[in-house]
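The values are calculated or read from the model by the stated rules, or taken from the named source; none is laboratory data. Because the structure is predicted, anything quoted here is derived from the model rather than measured. Glycine also receives a Cβ, built like all others from the backbone with ideal geometry; neighbour counts cover every protein chain displayed.
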Amino acid sequence: MKASGWRMALAGVLALIGLTLGWGMLAAGHVPTIAAAPPSGTPEVLRPEPQGTPQVSAVTTLQNPSPTCYRPVAGTGSCYIQWAYLNAVASSSQYVISMTVTIDGRLHAYHSGFFQTSMYIPGDLYGPGFRVTCGFPSGAGDGLGNAYSYVVRARDTSGDLATNSGTVICPADVVRLFLPVTRRQ
Amino acid sequence: MRKPTYRVLAALLVLTVTFGLLPGEARSQQPEGPVTVERETQGENVREITAPSQTLAVQPAISFIDSPSSTCYKPDSTQDTCYINWYYNSVSASPDYMITMTLTINALGIVARTSGFFQTSMYVPYNMLGDGFEVPCGALGSGGNPELGAAYAWTVRARDSAGLSSANYGTTYCPPHGP
């Protein structure tokens, strides 16, 4: 009986030590880095971002250089927004799950990862770019028209979410309609 | 002393029956058709390599297909028109030849078929597919994700001269159309 009692006590002590060590390791490994990690496969919730000054997130590398709004044909009122490229690199040993492009609060592109640790989208994958209205000339007389806010987001399998946001300004342009004028005889 | 001996013998008999007969039975029931050599999953994505028989499955030459960044984009926010494309699709089978690679968007059927021409690898970049494949963007939530539009399941399949196949299965979500 005595030996059995000692064994029980020893087992109890070992179990307590194990629980303490396990709890400590769990607590240390569960520090959220940027956002609470959503469970895999759940819908990505798009949250509104502050607009204006460009903001860059540093956890997952996300690049979207040279946001451009251009007007290919004068008098059409149509402008196109384009980037040189978009590039997302996942945190160490993670996969990129998705990358999204939102302009003025509207989602324009959704990219899904497929067993890839980085995601590179060349600008011309979108053809001419995303069509927007150029807008009337602003009162400043600088020849510029509408301003559009954009948000580029990338998410990896660790749950890290990187967000870049900024504003792109278009050249001014309005549709010109030439109606034929005929004199009544 | 005798009882434990009987128990040990009985246990040995049970083990022999379990591990000796069952695998043999399983072997005899194995189908003759294609054998899955490798298979990986990641969320909704699946990639696999299959062989027509067990003998060819030992050391497959064909690789997994690389089809990164499946994309659905909406060039004009006023139109319910989206385009699906990939950054590229690439596969290798060296020293065997690549025979074909087909792209299928399940809702549209086969949308592209590339043939090999005495080549051991095949690379199809996005700009070989024009603007991509036109699909309706779909209403918000129509693809099952409350933040996105329609969902399109797709398959990329490649076959080499040894008869081995590689396939990728994935789903692309589109931006929604509507207010």
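Condition first: at the interface with chain A (Cβ under 9 Å from one of its Cβ atoms) and more than 22 Å from B:Ser67 (Cα to Cα). Now tell me which residues in the range B:152-179 satisfy that.
The one that is at the interface with chain A (Cβ under 9 Å from one of its Cβ atoms) and more than 22 Å from B:Ser67 (Cα to Cα): B:Pro176.
Does B:Gly149 satisfy the criteria of being within 17 Å of the chain's Cα centre (by Cα), at pLDDT 95 or above and within 12 Å of chain A (Cβ to nearest Cβ)?
no
Residue-wise test of (1) at pLDDT below 90; (2) surrounded by fewer than 20 Cβ atoms within 10 Å (Cβ to Cβ); (3) under 27 Å from B:Phe133 (Cβ atoms); (4) among the hydrophobic types (A, V, I, L, M, F, W, C).
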position	(1), (2), (3), (4)
A:Trp83	no, no, yes, yes
A:Ser98	no, no, yes, no
A:Gly113	no, no, yes, no
A:Pro128	no, yes, yes, no
A:Phe136	no, yes, no, yes
A:Arg176	yes, yes, no, no
A:Arg184	yes, yes, no, no
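Being farther than 13 Å from A:Ala154 by Cα and more than 7 Å from every other protein chain (Cβ to nearest Cβ) is the filter here, so list the residues in the range A:90-119 that pass it.
Listed by number, the residues that qualify are A:Ser92, A:Ser93, A:Ile103, A:Asp104, A:Gly105.
Give me the residue from the range B:58-77 that is at pLDDT below 95 and out of contact with any strand residue (DSSP E or B) (no Cβ under 6 Å at 6 or more places or on another chain) and, out of that set, surrounded by the most Cβ atoms within 10 Å (Cβ to Cβ).
B:Ala61
Can you tell which of B:Ser166, B:Ser94 is in a loop (DSSP other than H, G, I, E, B) and either closer than 30 Å to A:Thr133 by Cα or assigned by TED's automatic domain parsing to the domain that holds B:Val37 (or both)?
B:Ser94
Can you pull out every residue in the range A:106-123 that is in contact (Cβ under 8 Å) with a residue 12 or more places away in the chain and either among the hydrophobic types (A, V, I, L, M, F, W, C) or not in a strand (DSSP E or B) (or both)?
A:Leu107, A:Ala109, A:Gly113, A:Phe115, A:Gln116, A:Thr117, A:Met119, A:Ile121, A:Gly123
Find the strands (runs of 3 or more DSSP E) located wholly in the range B:106-147 whose residues include 2 or more that are without any contact (Cβ under 8 Å) to a residue 60 or more places away in the chain and not acidic (Asp, Glu), and list them.
Per the criteria, B:109-115, B:121-125.
Here are some residues: A:Gly159, A:Gly139. Which one is part of a loop (DSSP other than H, G, I, E, B) and closer than 24 Å to B:Ser69 by Cβ?
That would be A:Gly159, the only listed residue that is part of a loop (DSSP other than H, G, I, E, B) and closer than 24 Å to B:Ser69 by Cβ.
Please indicate, with yes or no, whether at least one residue in the range B:126-143 is at pLDDT 95 or above and among the polar types (S, T, N, Q).
yes
With respect to the numbered conditions (1) within 9 Å of another protein chain (Cβ to nearest Cβ); (2) in contact (Cβ under 8 Å) with a residue 60 or more places away in the chain, which one is the sole condition not fulfilled by B:Tyr87?
Result: B:Tyr87 fails condition (2) only.
Just give me the residues in the range B:141-176 being out of contact with any strand residue (DSSP E or B) (no Cβ under 8 Å at 6 or more places or on another chain) and not small (Gly, Ala, Ser), in sequence order.
B:Pro146
Which one of the conditions (1) over 17 Å from A:Thr163 (Cβ atoms); (2) more than 13 Å from the chain's Cα centre (by Cα) does A:Ser112 fail to meet, given that it meets all the rest?
(2)
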